[in-house]
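Written out below as C-alpha cells is the structure these notes cover.
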2 protein chains.
Amino acid sequence: MTHSIKITRRNLLGATAGLIAAAGLKPSTASAQQAAAPAASTAKPIPAYVSWKHADSMIVHTPTTIETKRSAIGSSIITPSDRLFIRNNLPAPSAADIGDVNAWKINVEGVGKPQTLSLSDLKQIGYETMATVLQCSGNGRGLFPGKPSGTRWQTGAAGCVMWAGVPVREVIKALGGVSAGMVYMTGTGGEKLPEGIDPLAVVVERSVPLSAMQDAMLSWEMNGEPMPLAHGGPLRLIVPGYSGVNNIKYIKRLAFTKEQTQAAIQKTGYRMSPVGQKGDPSQPAVWTMDAKSWVTSPSPDSGPVKAGLVQITGVAMGGLEDVAKVDVSLDGGKTWQVARLVGPDLGKYAWRQFVLAATLKAGQYDVACRVTTKSGVAQVVVSTENAAGYLNSGWQSHAVKINVA
Amino acid sequence: MTHSIKITRRNLLGATAGLIAAAGLKPSTASAQQAAAPAASTAKPIPAYVSWKHADSMIVHTPTTIETKRSAIGSSIITPSDRLFIRNNLPAPSAADIGDVNAWKINVEGVGKPQTLSLSDLKQIGYETMATVLQCSGNGRGLFPGKPSGTRWQTGAAGCVMWAGVPVREVIKALGGVSAGMVYMTGTGGEKLPEGIDPLAVVVERSVPLSAMQDAMLSWEMNGEPMPLAHGGPLRLIVPGYSGVNNIKYIKRLAFTKEQTQAAIQKTGYRMSPVGQKGDPSQPAVWTMDAKSWVTSPSPDSGPVKAGLVQITGVAMGGLEDVAKVDVSLDGGKTWQVARLVGPDLGKYAWRQFVLAATLKAGQYDVACRVTTKSGVAQVVVSTENAAGYLNSGWQSHAVKINVA
C-alpha cells in the first residue's frame, strides 16, 4: 500500500474495530501489528476467520496478511487453498453478511444493456476454468534493501490457483457489449465500509485497462470448491496477469468507464511512486506483473541439505506470456545452467515448476534463478525500488544461500 | 472386490477389530455395513481418520468406502483432497505407525542393484509432477443393473489428482535397470497385516505389466501437500491409466518379477469374472481403465434447474490416451451435440472437463455423454457386467434424468 493509504488505514483502525471483531480478528493485535510493520514470524496464530489454513505452512504477519513459507509451496503447480496467502485490504465479510451465495448480486454498467445479475444468472451465461498466478502487489517487498513500508512479504504472497466461472467477455456480450468510448474496466468490492468516512478513501475499487477484459473472469470457484469468503467469495473478479489488488473480491459492481476510479486505492494507492514520494495519478498504476521466478527447495526454511545429488526446484511465471526457459545459478549469477520445466503447462497465466538436478559437495551455495518468457523477455536482475515496495521481481534479491553438509 | 476376497475379508473382521479401532473406525459399524452392502447414504458420519474430508461433498458407504457426490466434483479439473474418494482395502496406518516420513523405506528388487531406499533417498534421485485420474476399480458398480456385490459406487469413486514424486524409471535406472526376463512390476503395500492369517490372503500386493513402469511414479505429494496417510502416504505407487487398486499405498516393496504375485488380491481378486463365477488367474486382471465420461451438473444431487440457458458440464477421461471429443445427448442418446473442452489440458492420464450450453424448455431430459479418444476409441454404450461389477464405463448407465422447470 502507498504511504497515503497507509495513513488512512491507521486512522481507520478505531472505526473498523467492529468490523474486525466481526471477522474474528483481534482488534488490539491488528492495530499493534499494522503500526509496527513487523518482520515475518511463525509465532503468531492463524486468525479465526481462516482457521482452516495449514498453520505450519504459513507466516502470519498480521491477521489480514498471511504468506506461504517458501518451502511450503509444494510441487503440484496448484497451491492448495489451505496454503494460499491471505491479503485483505478490509476484513472479509462473514457468511451471515453474505447469506445465500447464489443470490449475490453484481451490477454491470457501461454496457449496451446495463443490468443487475445474480450469481445464479452468471452460472447460466457461461463456464470456463483457468489457472493464474495470484500475487500480492507487494510480494517480495521484504527483499528490497531499503525496507519500504508495508508488510515485509518474502516470496509467499503468491500462489497458482485454478478458477472456475464465466468469462467477462461472455457476460458483456450477453449485455450488448461495452459502450462506446470506454477505456477502463472498473471493479468494486462488496466489503462493508466503515461509517462516517468518505467511501472513496476506503472502498476497494480498481480500474484496469479495457484490454484486460479479454481474459478476465467472474469466478465463483477456487481450486474445486466454492470461492471461500476469505478469498473473495461468493464472486471474485480474476484479471489474469494483473497483481492481486486488481482481482476484486466480493465484486458487486463491474463498470466500463472512461476514467479510472477516484477511489484512493487507485488514485494515490498502488502507484509506482519513487522512494520518498507520495502516490499520485501521474505515476504508473500497479497493474501487470513481471516475469519472475524463485527457488522453493532447498531453501532456508526447509531441512538440511545432504551432499550428493540435489533437486533444486522452484516456480517461474511469465507475467502476461508463457514461460520459455528457466536458468539456475549456484554461484550467485556468475554461471547458469538451464533447468527442466516440470509437470503440465496450465497456460500462460499460470506458473511453471522447474528443477535442476545438481551434484553438490559440502559448502555454501548462492542459488539464484531467472526466467525468460516466450518473446525473450528476461527476468530483471534488480527491480527499481519504489516507495511502497511493489512488484519486486529482481532475481538477485530472491536468491537463497544454501548450506550443503 | 471379488466374491472370494469378500468372504476372506468378512472372516477377517474379528481379527482386524484392533486395527480398525486403531484407525478410528467403529468395528461394529464396519462389520454391519460390509455384511449388508448398503446403498449410498449421506446420513453416515465421516470417520475420524479422515475427519478432514468435506462432509457435505461425500457419500459415506462404509468407513473405508467414501465417494464424492456427482455434483461435488467441481469445475477446477483437480479434485481437492478433502473431496477425493476413499477406498482402503485395509485400514490406513496411523501417524504413530509411520513415524518419520522421510525415513520410510522401500525395497527395490528385480533390478541390477537391488537396494533399500528411504524417502529421503528417493527425493534425491528425481522430481516430476503429473496429473492422473485415480478411480476405484468398482466405480460405477452401483449403476450396473444386476446389483453385483461390493460397494454400490455411483460416479464418485474417482478424482483427478496432481502427484509429485520420482519417476519409477529414474529409480530403476539408478539401480542398474530391470533384470533380464522380468514381465511384471509388483508393488506391496505397507499395511499392518492381521496375525494368524496367511499373509497372501490379505496383503495388498499387485502386479501390472512391465510396460506400466514407463510412466509410473513413486509419489510423496498429492495436490500440493505431503501424501495423506488415508491416501497412501508417506509413499504411493502411481500407475497412470490403471485403476485404483494398482496404485499401491504405503508402498514398501517394488519388485520386477517373472510372475504375477500369488496374493489373493491378484490371483483371484480384481478379475473380470463372468457373473456367477469366482475369480481365477485365467480371467483378465483389472488393470487399465477405459474411456469414460459422465455429466456432473446438472445432476440429481444438485439444485433445481431453471428453464433457459443451461451449462451442462462433466468430466471425460481417455484411459491410456488423450481425450479428443465429448458428445452430449439430451434425449438419451438419440441425437448428440459436440461439447466444448474446458480449461487446461493436464495430459493424457488426467481427465478433461467439458460443457455444452443448451437452451432448455421446461420438461424432463435424459442427459448422456460419451467420450472419444485421440485414436478414435469411443466410450462403450454398455459395459459387460461382471461378477464384482468392475470397470463400468458404459455411457447409458451413467446418464442422468434432469427436470427443468
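Using a Cα-Cα cut-off of under 14 Å, which aspartates and glutamates could be cross-linked to B:K361, ignoring same-chain neighbours fewer than 8 residues away?
Hits, sequence-local ones excluded: B:D331.
Any aspartates and glutamates with Cα under 18 Å of the A:K348 Cα? List them, leaving off those in the same chain fewer than 8 positions away.
List returned: A:E128, A:D215, A:D290, A:E321, A:D322, B:D345.
Got a sec? How would A:S282, B:S149, A:S393 order by Cβ neighbour count within 10 Å, fewest to most?
A:S282, B:S149, A:S393
Kindly provide the helix-only [θ] at 222 nm of chain B, computed as the sum of -39,500 (n - 2.57) over DSSP H runs of four or more divided by all residues, to the nearest 500 deg cm²/dmol?
So the helix-based figure for chain B works out to -3000 deg cm²/dmol.
Can you pull the Kirkwood radius for region B:269-351, inverse mean 1/r over Cα pairs, to one decimal in Å?
Taking every pair of different Cα atoms in region B:269-351, averaging 1/r and inverting gives 15.8 Å.
Report, for B:Q262, each distance to the same residue's label point in the other copies, shortest first and in nm; define the point 7 Å along Cα→Cβ.
8.7
If I fit a long axis through the Cα atoms of helix A:27-36 and take the longest principal axis of the Cα atoms of chain A, what angle between them do I get, 0 to 90°, rounded to 10?
That helix lies at roughly 50 degrees to the long axis.
Given a 10 angstrom Cα cut-off, can you work out which residue in B:Q115, B:Q124, B:Q135 is the most mobile in a GNM of chain B?
Between B:Q115, B:Q124, B:Q135, it is B:Q124 that shows the largest mean-square fluctuation.
Please report, to two decimal places, log10 I(q)/I(0) for region B:264-405 at q = 0.16, 0.17, 0.21 Å⁻¹ as given by the Debye formula with identical point scatterers on the Cα atoms and no solvent.
-0.85, -0.92, -1.17
Output, in nm with one decimal and in ascending order, the distances from the A:D198 label point to the matching label points of the other copies (7 Å from Cα along Cα-to-Cβ).
Result, one decimal in nm: 8.5.
About its Cα centre, how strong a charge dipole does chain A have in debye, to the nearest 20, once Lys and Arg get +1 and Asp and Glu get -1 at the Cβ?
It comes to approximately 660 debye.
Can you tell me the 0 to 90 degree angle between the C-alpha axis of helix B:3-12 and the longest principal axis of chain B, rounded to 10?
It works out to around 60 degrees.
What are the distances, in nm and sorted shortest first, from the label point of B:R340 to the label points of the same position in each other copy, with each label point placed 7 Å from Cα along the Cα-to-Cβ direction?
In ascending order, 3.7 nm.
What are the semi-axes of the equivalent ellipsoid for chain B, taken as the square roots of 5 times the Cα gyration tensor eigenvalues, largest first, in whole Å?
Square roots of five times the eigenvalues give 34, 24, 20 Å.
How fast does region A:341-405 diffuse by Stokes-Einstein, in µm²/s, taking the Kirkwood radius from C-alpha pairs at 4 °C and 1.567 mPa s?
90
Mind checking Rg over Rh on region B:38-101, alpha carbons, Kirkwood formula for Rh?
My calculation puts Rg/Rh at 1.01.
Determine the alpha carbon to alpha carbon distance for each of A:K69/A:K258; A:K53/B:K69; A:K44/B:K69 and list only those over 29 Å.
Going by Cα-Cα distance, A:K69/A:K258; A:K44/B:K69 fall outside the 29 Å limit.
Based on the alpha-carbon gyration tensor of region A:201-255 and its eigenvalue square roots a ≥ b ≥ c, which shape applies: rounded if a/c is under 1.5, prolate if not and a/b is larger than b/c, or oblate?
Verdict is oblate for region A:201-255.
Using the Cα centre of region A:282-405 as origin and beta-carbon charges of +1 (Lys, Arg) and -1 (Asp, Glu), tell me which of A:V326, A:V286, A:G376 is placed farthest towards the positive end of the dipole.
A:V326
Cross-link partners among lysines for B:K173, C-alpha distance below 18 Å, same-chain residues fewer than 8 apart left out?
B:K113, B:K123
Choose one answer from B:A180, B:A291, B:A158: the residue with the largest mean-square fluctuation in a GNM of chain B with alpha-carbon springs under 10 Å.
Residue with maximal mean-square fluctuation among B:A180, B:A291, B:A158: B:A180.
Per residue Cα convex hull volume for the protein assembly as shown, in cubic angstrom?
163
Which of B:P226, B:P344, B:P45 moves most in a GNM of chain B, Cα contacts under 10 Å?
Its mean-square fluctuation being the largest, the pick is B:P344.
Read-outs throughout are calculated quantities, based only on the coordinates presented, and are distinct from any laboratory measurement. Note that the structure is a prediction, hence the values are computed from the model and not measured. Every residue, glycine among them, receives a Cβ derived from its backbone with ideal geometry; neighbour counts consider all protein chains shown.
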